[in-house]
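FYI, it's all coordinate maths here, none of it is from the lab. Because the structure is predicted, anything quoted here is derived from the model rather than measured. Cβ atoms come from the backbone with ideal geometry, glycine included; neighbour counts cover every protein chain shown.
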Amino acid sequence: MEEENKTQQTPDLGQFKSVQDLLDSYHALQAEYTRCTQKLKETAHPDEGALYESAKANEKVRGKIIEDYLSALGKSSLVSIEGTGIAASPKRPKTVREAGSMALQYLKGV
């Protein structure tokens, strides 16, 4: 009966040599878990400044942002960011006066 009580009092610690080793490992694991979850939160919500710098460094991202912005403005650009032409519906003048007015607007940059 004494042997039964002795085996019941000794917990199975697996790879750990003592209860203190198990406790120390638990605390280390808990601290690492906290660090990992905080790092995950930071990457899930990046700093706006870091996000801006990252986007600014990538030429394709910059081009896409500018292209989307210009599209949102409703203006048709004749050249895309990549340098390829964009089809714009032609506006044909009906009179010489209208052609002159269109030429002046084009030269003024309107």
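Structural remarks
- Taking a Cβ cut-off of under 13 Å around residue 47, the surrounding Lys, Arg, Asp and Glu residues balance to a net charge of -2, with basic ones at +1 and acidic ones at -1.
- Around residue 102: net Lys/Arg minus Asp/Glu count, Cβ-Cβ under 14 Å: +4
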